[in-house]
Every structure is written in structure tokens, then in C-alpha cells.
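**Student:** Dropping a structure here in C-alpha cells format, bear with me for questions.
The values are calculated or read from the model by the stated rules, or taken from the named source; none is laboratory data. Note that the coordinates shown come from a computational prediction; the quantities given were computed from them, not determined experimentally. Here Cβ is always computed from backbone atoms with ideal geometry, including for glycine, and neighbour counts include all displayed protein chains.
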There are 2 protein chains.
Amino acid sequence: MEAVKPTFQLYEKKFKALADEKRLEIMYELCQRGKTCVCDLMEIFGVSQSKLSYHLKILLDANLIEKETKGTWNYYDINEKEVNNLLSEELCCIFRKVENKAGNNSCC
Amino acid sequence: MEAVKPTFQLYEKKFKALADEKRLEIMYELCQRGKTCVCDLMEIFGVSQSKLSYHLKILLDANLIEKETKGTWNYYDINEKEVNNLLSEELCCIFRKVENKAGNNSCC
DNA sequence: CTTATATATCAATTTTTTTTGATTTAACAA
DNA sequence: TTGTTAAATCAAAAAAAATTGATATATAAG
């Protein structure tokens, strides 16, 4: 009996989203800061609004980050569960929220 | 004291290499078969020689696979250590050599 | 209602990546 | 040496992704 060949479309999408230094920095910043609105991210990265929106959408579509709307503000945060399912412990430690780092994890 | 911001260039490169369904399939096939020469991969994927070479080079440059030359043949294989350092256990199981799957791993 | 603010979306352009076919390199066999 | 095979590399073309500036949408405030 042969193992069924997995379909990699979904992973392609997720890795594409991660395949950009700017987006990795966004992910890292979201971990460090938790829920952050677009305007703050704009300041942090000194990047135009539409460009930032574009990159956030790619991460969002890959389900690596989450969005919460409050009035006119949109707050983004890391989707830690999804990241943990995808990346190694070592890497998850980079993309793990500050408050969770000191805990009972084997790594970090 | 603030955490030093990691540089993500290296990860960008690795994720770029993974951000392609064809290359993920190559990785999977290498796990299933172990050391495999380019000509066999050409048959398996029904893809042109130069195209395959191109994709193998990207994976090789990202250090996700390894190359061994014997005469005119080049054999490629997964770089399991590197993959384990990068990806979650769940994903490593997809990209783990058949002979290592039945063992004492917590997953698979 | 009018205005202002936050953010998403769109269309055109630029940049990057991928594909293709041809050429090159290197090892081997006759 | 000559011919053959495996595989890398190159240059041009095609396709995909990113950037830019403008516009649209939606909420909130006056």
C-alpha cells in the first residue's frame, strides 16, 4: 500500500506568505506587541499604508495572522496556533508572544 | 532591555524555497525515495531537465536538500536536519524519510 | 449632513521569479 | 580522440508578485 501523496497547495500559500523579510518582520513585531493597529505598524516600519495593507492581507489570507475591527481601527495579531502547527519550536520561539515565552515551554 | 530584532534574510530564503508546490513535491519525493538522481526525478515529474535543475538549485541554495555527485550522476536527498530545525513536527513527518517514520518519534 | 480618519482596494508600473530552448561542462565509453 | 550521457548554466520570454498613487468605504465626530 502506498502513502497518499499530500497536496501542497495550502502549504505553498503559507510559505509564500512567510517568504518575505518584511512580512516576517511584521509577524515578529505582532508577537512583540500583541494586537496592533495598522497605523502603528505604519509608523514602526515607515512604510506606506497601501503597501502595508497589501502585506497584511497576504498574511491574513494565509491564516498566519488575525484581524479584529473596532470602529475604524483594525487590529492585527499573530495566529499563534497556526504558526505553532507550521514551524519548528525554535522558530515558534521567535514568533511567540512575549508573555508566553517565560512559561513551561521546553524551548525559548 | 530590549530583545535584539532577529534578521530574517536567511528565513526568507528558506521559505521562498518552500513557497512552491513543485518544490514541495520534490522534497516529498526525496523523502519517500531517498537519494535520487536528476534523471529519475525528471521521469517522476515529467518535467524538463533545465526546469528541474532550476528548482533543485533553489532548494539546494536554501540548504533544504543535499547533493552528491557520482560520475556524471548527481544524487539529491533531503537535508533532514535542516528541515527539522525549520518545520513543525507535523510537517517534518511529511518530509521525513520513510525508514525513520516507524521509529521512536512522538509524531507520525 | 459634512468632514475627518483609518484602512481597503484598484489600476498601472516595476521588479522578481519562472519557463523555455539552446549551449556548456564534465565524466565516461568505444 | 570521438561520441554519448547527465546535468548545470545562460539568455530571452512569460508569468507572478510587489510597489505606487489614487480612489473607495466605513466609522466616527462636529
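**Student:** Out of all the residues in segment B:9-45, which are over 16 Å from A:Tyr11 (Cα atoms) and near DNA strand D (Cβ under 10 Å from one of its atoms)?
**Tutor:** B:Thr36, B:Cys37, B:Val38, B:Cys39, B:Asp40, B:Leu41, B:Met42, B:Glu43
**Student:** B:Leu60 - would you say it is farther than 21 Å from A:Glu89 by Cβ and either within 14 Å of the chain's Cα centre (by Cα) or at pLDDT below 95 (or both)? So that I can check it myself, show each step before the final result.
**Tutor:** Numbers: farther than 21 Å from A:Glu89 by Cβ: yes; either within 14 Å of the chain's Cα centre (by Cα) or at pLDDT below 95 (or both): yes.
Considered against the rule, which asks whether it is farther than 21 Å from A:Glu89 by Cβ and either within 14 Å of the chain's Cα centre (by Cα) or at pLDDT below 95 (or both), B:Leu60 comes out as yes.
**Student:** What pairs come out if I take residues in segment A:44-72 that are closer than 28 Å to A:Asn85 by Cα and pair them with residues that are among the small types (Gly, Ala, Ser) and more than 9 Å from DNA strand C (Cβ to nearest atom) whose C-beta lies under 7 Å away, six or more apart or interchain?
**Tutor:** Sorted first by the residue in segment A:44-72, then by its partner, the pairs are A:Ile58/A:Ala17; A:Leu59/A:Ala17; A:Ala62/A:Ala17; A:Leu64/A:Ala17.
**Student:** Please pick out the residue among A:Ser48, A:Ser88 that is in contact with a helix residue (DSSP H, G or I) (Cβ under 7 Å, 6 or more places away or on another chain) and either away from DNA strand D (no atom under 15 Å from the Cβ) or on the phi < 0 side of the Ramachandran plot (or both).
**Tutor:** Details: A:Ser48 fails: in contact with a helix residue (DSSP H, G or I) (Cβ under 7 Å, 6 or more places away or on another chain).
From the options A:Ser48, A:Ser88, the qualifying one is A:Ser88.
**Student:** Going through segment B:72-86 one residue at a time, which ones are within 16 Å of DNA strand C (Cβ to nearest atom) and among the β-branched types (Val, Ile, Thr)? Spell out how you get there, then give the answer.
**Tutor:** Just the residues of segment B:72-86 that are within 16 Å of DNA strand C (Cβ to nearest atom), to begin with: B:72-75.
Answer for segment B:72-86, where residues must be within 16 Å of DNA strand C (Cβ to nearest atom) and among the β-branched types (Val, Ile, Thr): just B:Thr72.
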